[in-house]
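Okay, structure first, notes after.
The values are calculated or read from the model by the stated rules, or taken from the named source; none is laboratory data. Computed from a prediction, not measured in an experiment: that's the story for all the values here. When we count neighbours, we look across all protein chains shown, and the Cβ atoms used for this are built from the backbone with ideal geometry, even at glycine. Just the protein is used for accessible areas: all its heavy atoms, side chains included, with ligands, DNA and RNA removed. Shrake-Rupley method; radii C 1.70, N 1.55, O 1.52, S 1.80 Å.
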Amino acid sequence: MMEKMIFGRYIPGNSFVHQLDPRSKLIFVFAFIIIVFLANNIVTYAILLAFTLFVILMSRIRLYFLVNGLKPVIFLMAFTFILHILMNKEGAVLLDLGFMKIHEEGLKQGIFISMRFLVLVFITSILTLTTSPISITDGLETLLNPLKKIKLPVHELALMMSISLRFIPTLMDETDKIMKAQMARGSDLSAGPLKDRLKAVVPLLVPLFVSAFKRAEDLATAMEVRGYRGGEGRTRYRQLKWDIKDTMSLVLLLAVAATLWLLRN
Amino acid sequence: MSEILSFNHITFSYTPENAEARKAVQDVSFSVNQGEWIAIVGHNGSGKSTMAKLMCGLLFPEQGEVRIKRDVLTEENLWEIRSQIGMVFQNPDNQFVGATVQDDVAFSLENNGVPYEEMVIRVKEALEQVKMEGFINHEPHHLSGGQKQRVAIAGALAMYPQILILDEATSMLDPQGREEVLKTVQALREKIGLTVLSITHDLEEALLADRVIFMNDGKKYAEGTPAEIFALGDQLVDFGLDLPFATKMTKLLQAQGVQLVGQHMTEEELVNDLWTSNFNK
Amino acid sequence: MDIKLQQVSYAYSKGTPFEKYALHDVELSIASGTYEAIIGHTGSGKSTILQHFNGLLKPSSGTVHIGDRVVEAGKKAKELKPIRQKVGIVFQFPEHQLFEETVLKDIMFGPMNFGVSEKDAEKRARELITLVGLPDNILEKSPFDLSGGQMRRVAIAGVLAMEPEVIVLDEPTAGLDPRGQKEIMDLFYTLHKEKGLTTILVTHSMEDAARYADRIAIMHEGKCVLTGEPRALFADSATLAKYRLEPPRVVRFQHKVEQMIGKKLSKVCLIEEELAEELGQAIREGRAEQ
């Protein structure tokens, strides 16, 4: 199940989108989230969808992976769609099934809302699929840097985030290993009443915590010996480079926003 | 020969309030000279790793002093001294800080405020020295244990350290990984004359050293060249260690009545002795 | 209990862009009572194969027979629990699986999961703690207050307490000092002999494989490429090299000696003691001829 989830995973590549600076991609996504709300009729939604498909094309991520990997989210989308059809009683009746009527507005709103959902999920997935988590962290750190003035510990937060990211695969492996070791000792995580299942989690969680603490301790020691003592006086090895491509992509987004503004009702 | 690191009558206990309790390290003295390879050997719990912690100021001794070059290690000069010591720990996963190989190598440099342009040069150089330049953008979970340890060595080298301390750096590796790491360290010794202090219970690793310090129950039991230490024979085994292959083989052959001249530490020596003393007559 | 793998393949993350085959058409049978070593370099599929021995992983295709039970690709495995009771696995760094408040409770965890009564489980724990070389009074302590080597022994006792017929060992001595390594390996060997267990040792150490195993299987790039008796298998350095393996140190040394004296000894020696004896005899015969 978890293996099939594509959301939040990174697929290395060398496409136009891959090459963009994480800062421009982050700004792009945040701006896009707002811009989506500009669309309110068939034409504007069509433009939005076309633009999203264009971005997917530019990222060279196969649509099949996106759709396949986003199945759980698509289910949620279908649910909101049905909800809209059932609840919205405005406009002409399109279909009368006796026990329920489908109204024009209901259908329209249902389609629009699911479309909005779809493009948002696609665009944010494209961000995480084409940007390594560490680049996202770098981008966020730089973008949030001005907030240091109001005493937000930006450097520490970014370091915490990058270390957590770095240890996710390690801890996943560890969880898998401990789970298997306890299953081999007859512990059963997937059967029986809830009470038993909760009890079965203890043999998994205790060793996991013990090992995570041990790792944290080791890591802190290693960092200290390697001269880490806070953000003060540190230089940065990871440098971000803003390119003409980045400006271009934001200008393009602005153009799409302007078009949507002009064509909306 | 100039002295780089020394322990002068160091005593340390994890429970100083209890005077009766066994000391983790008791009255240990030794020194390391420029360009030497020193191995500290002993079974698990013999005080080896406590000594590593004392060397980089993670712990401070109850009695005695640790000197790096001529300076006594104190709270005041701690950071300055740490920048001169490269240290590689046992667990390859738990010391990899960066998201990728190059980020990890740069970590100490960043901490010490080295400018970006210089970092780029030093990271590249350090990775070439451990032959990991082809893995510059790899993430740690795609590397083998031996590769991660080589990256850790590169991270230390980037700081141009006075001394490289390997704290059981090979004990969690598979045989290939162990060989990779030891070959890397040997090559560095030859190329840049690096001073190495390795803490280990692997006696084949200790054989590579110029001098061996043999720890038992927190005390220095013996110190000498590998030949002198392995001449202790069964005493090593009694203290939870093993003998190098050639030494063990020599003893077994002698027990079979095969004539051999003295102890042997390498297979070549033993093969030659076998030939001259038994076949080539 | 015989274990038999037929055409077993296994893929991680099957059906995703991250799909990766770890095993390809593995054929392997291990007869009851055998001490089998599985060797291969890192990434050869050793640790994937071992998880098939008690149904922790189900093959993507192919069949695994464990005693009279069958785990087959595509079919829902019915009851895996009886298999897991009969096949105990000591994972690498098994001390990471300890979680109970006391050593006693931790050792009792396995057997009690399989329906052994509290009284019997405690009885087993008390017997086993001595067997693995720890003092009785350790039973009441927290496992987290012990040294690394002691924790390892407690974890091993926890697996033995299930009284498995087959015991699978994944690098059981990693990280221990030489004495610890020897004691643990000897412990398993004694158990193997005395209780007639089937023992499967997954290891990097050619020396351990040579010293203890009756049979050896070599894994390479997800395939089981070679099986045989240690003496025959280790004699052929050229074939081993193809799989990025080397014969054990003793055998390599024997080759050196043979090359120097220009003749072969009567057999390939697997342990130091054996080689010393062979060489001693060869030299005595040489002297007698002169």
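Using a simple spin-label model with pseudo-atoms 7 Å out from Cα toward Cβ, A:VAL251 and C:GLU229 lie 8.0 nm apart. Comparing B:VAL66, B:VAL28, B:VAL237, which has the greatest mean-square fluctuation in the GNM of chain B with Cα pairs linked when under 10 Å apart? Top of the fluctuation ranking is B:VAL237. The residues of the protein assembly as shown have, on average, 46 Å² of accessible surface per residue, using a 1.4 Å probe with all protein chains present.
Projection of the Cα convex hull of segment B:88-189, averaged over all directions and equal to a quarter of that hull's surface, yields 5.8 nm². Heavy-atom accessible area, probed at 1.4 angstrom with all protein chains present, ranks A:TRP261, B:TRP275 as A:TRP261, B:TRP275, highest first.
In angstrom, the C-alpha Rg and Dmax of segment A:129-193 are 18.7, 55. Peptide B:100-112 has a mean of 5 when you count, residue by residue, the C-beta atoms of other protein chains within 10 Å of its C-beta. In terms of its Cα atoms, segment C:248-290 spans 33, 20, 12 Å along the principal axes, sorted from long to short.
Loop only by DSSP, 16 or fewer other Cβ within 10 Å of the Cβ. Give me the GluC sites (Glu not before Pro) in segment B:24-67 that pass, ordered by residue number.
Passing sites in segment B:24-67 are B:GLU62.
At the residue level, C:ASP25 shows approximately 90 square angstrom of accessible surface with a 1.4 angstrom probe and all protein chains present.
When each of the peptides A:90-97, C:206-213 is scored by the mean number of other C-beta atoms lying within 10 Å of its residues, the order from highest to lowest reads C:206-213, A:90-97. Within straight-line reach of C:LYS267, meaning a Cα separation under 12 Å, sit the following aspartates and glutamates at least 8 residues removed in sequence or on another chain: C:GLU258, C:GLU277, C:GLU278. Solvent-accessible area assigned to carbon and sulfur over segment C:248-290 amounts to 47 percent, based on a 1.4 Å probe. When the Gaussian network model of chain A links Cα atoms closer than 10 Å, the mean-square fluctuations of A:ARG238, A:ARG166, A:ARG197 top out at A:ARG197. Mean per-residue shielding of peptide C:279-287 is 4, counting Cβ atoms of other chains within 10 Å of each Cβ. A probe of 1.4 angstrom, applied to the heavy atoms of all protein chains, finds C:HIS255 with accessible area near 50 square angstrom.
Does segment A:146-225 come out rounded, prolate or oblate by the C-alpha gyration tensor, with a ≥ b ≥ c the root eigenvalues, rounded set by a/c under 1.5 and, if not, prolate when a/b is larger than b/c and oblate if not? Because a/c hits 1.5 or more and a/b exceeds b/c, segment A:146-225 counts as prolate. Taking all protein chains together, A:ILE136, B:ILE213 sort by accessible area into A:ILE136, B:ILE213, largest first [probe 1.4 Å].
As a calculated quantity, the FRET efficiency between C:HIS65 and B:ASN137 at R0 = 45 Å, using C-beta atoms, amounts to about 0.50. Put simply, the amide H of C:HIS220, placed in the peptide plane, has neighbours under 5 Å in C:VAL225, leaving out anything fewer than 5 places away on its chain. Counting only residues at least eight positions apart within a chain, or on another chain, the aspartates and glutamates with an alpha carbon under 16 Å from that of A:LYS149 are A:GLU141, A:GLU232. Distance from the Cα centroid of segment A:181-217 to that of segment A:52-77 is 35 Å (rounded to whole angstrom). Accessible-area loss of 40 Å² or more (1.4 Å probe, protein heavy atoms, chain alone versus all protein chains) is found in segment B:233-277 for B:GLY240, B:PHE245, B:MET249, B:LEU252, B:GLN256, B:GLU267, B:VAL271, B:LEU274, B:TRP275.
What's the percent breakdown of Cα-Cα distances in the protein assembly as shown across 20 Å bins, shortest bin first? That works out to 13, 39, 35, 12, 2, 0, in percent per bin. Taking the chain by itself as reference, segment C:241-278 contains these residues with an accessible-area loss of 40 Å² or more in the full protein complex (1.4 Å probe, heavy atoms): C:ARG249, C:PHE253, C:LYS256, C:MET260, C:ILE261, C:GLU272, C:ALA276. Of the solvent-accessible surface of segment A:146-225, computed with a 1.4 Å probe over protein heavy atoms with every protein chain present, carbon and sulfur atoms account for 72 percent. Which value in nm describes the separation of the simple spin-label points at B:ALA255 and A:ILE34, placed 7 Å from the Cα toward the beta carbon? Output for this residue pair reads 8.2 nm. Bridgeable aspartates and glutamates around A:LYS214 (alpha carbons under 12 Å apart, same-chain partners fewer than 8 residues away excluded): B:ASP93. Ratio of Rg to Rh for chain C, alpha carbon only, Kirkwood? Rg/Rh: 1.02.
When the residues C:MET185, A:MET100 are ordered by accessible surface, computed with a 1.4 Å probe over the protein chains alone, the sequence from largest down reads A:MET100, C:MET185. Calculated FRET efficiency, C:ASP136 to B:GLU268, Cβ-Cβ distance, R0 = 60 Å: about 0.75 to the nearest 0.05.
For A:LEU147 and B:GLU3, a Förster radius of 45 Å and the Cβ-Cβ distance give a FRET efficiency of 0.35, rounded to the nearest 0.05.
In this assembly, the A-B interface accounts for approximately 2900 Å² of buried accessible surface in total, computed with a 1.4 Å probe and without ligands, DNA or RNA. For the residue pairs B:LYS48/C:LYS193; A:LYS177/C:LYS75; B:LYS124/C:LYS223; A:LYS241/B:LYS191; C:LYS4/C:LYS76; C:LYS4/C:LYS193, the C-alpha atoms sit more than 26 angstrom apart in B:LYS48/C:LYS193; B:LYS124/C:LYS223; A:LYS241/B:LYS191. Holding the Cα-Cα limit at 19 Å, pick out from B:LYS69/B:LYS148; C:LYS58/C:LYS86; A:LYS25/A:LYS71; A:LYS199/C:LYS123 the pairs that are longer than that. Result: B:LYS69/B:LYS148; A:LYS25/A:LYS71; A:LYS199/C:LYS123 exceed 19 Å. In the context of the full protein assembly, B:ARG178 retains an accessible surface of approximately 80 Å², using a probe radius of 1.4 Å and ignoring ligands and nucleic acids. Size of segment C:175-279 from its Cα atoms: along the principal axes, largest to smallest, the extents are 43, 35, 27 Å.
Taken along the Cα-to-beta-carbon direction at a fixed 7 Å, the label points for A:THR259 and C:SER117 span 8.0 nm. Accessible surface buried at the B:C interface totals approximately 2800 Å², computed with a 1.4 Å probe on protein heavy atoms. Rolling a 1.4 angstrom probe over segment C:122-175 with all protein chains present gives an accessible area of which 47% lies on carbon and sulfur atoms. Once C binds A, the 1.4 Å probe can no longer reach about 2200 Å² of accessible area, counting both sides.
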